[in-house]
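This report refers to the structure that appears directly beneath it.
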């Protein structure tokens, strides 16, 4: 994988056309825009069928409309579940990437702590050496 790309860009490149399509459908169906448009279409469908004097293409109780909803639900449910499964996979992969990053950061922090500790020890050794020189020079 290319290190210059973000984790999300790298993950998106691995998705198949079907996976991207399912994600787009689930995203669209899970929006207020979809609910509002569908509600308007259903209202128009029912109003036109109730108000039609001569030719009702779907008379009350709107059997054809119910069939359309059943078909939509039959396809929407598995598509949305596929998108949710992929979201779980993405979350798991991102958690794993975060874990690896945390481990690398921990190793670096521990190395820095050791370096800082060594610097402190060197400083203390120099201070002790200076104090001993002062003690020797004052005793002479």
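Of the residues 76, 22, 52, 26, the single one that is within 19 Å of residue 91 (Cα to Cα), surrounded by 11 or more Cβ atoms within 10 Å (Cβ to Cβ) and without any contact (Cβ under 8 Å) to a residue 60 or more places away in the chain is 26. Over 30 Å from residue 21 (Cβ atoms), in a helix (DSSP H, G or I) and out of contact with any strand residue (DSSP E or B) (no Cβ under 9 Å at 6 or more places or on another chain): is that true of residue 40 in this structure? Taking the combined requirement at face value, the residue does not satisfy it.
Quick note: the coordinates plus some simple rules give every number you see, no bench work behind them. Model, not experiment: these values are computed from the prediction. Heads up, the Cβs are rebuilt from the backbone with ideal geometry, glycines too, and the neighbour counts pull from every protein chain shown.
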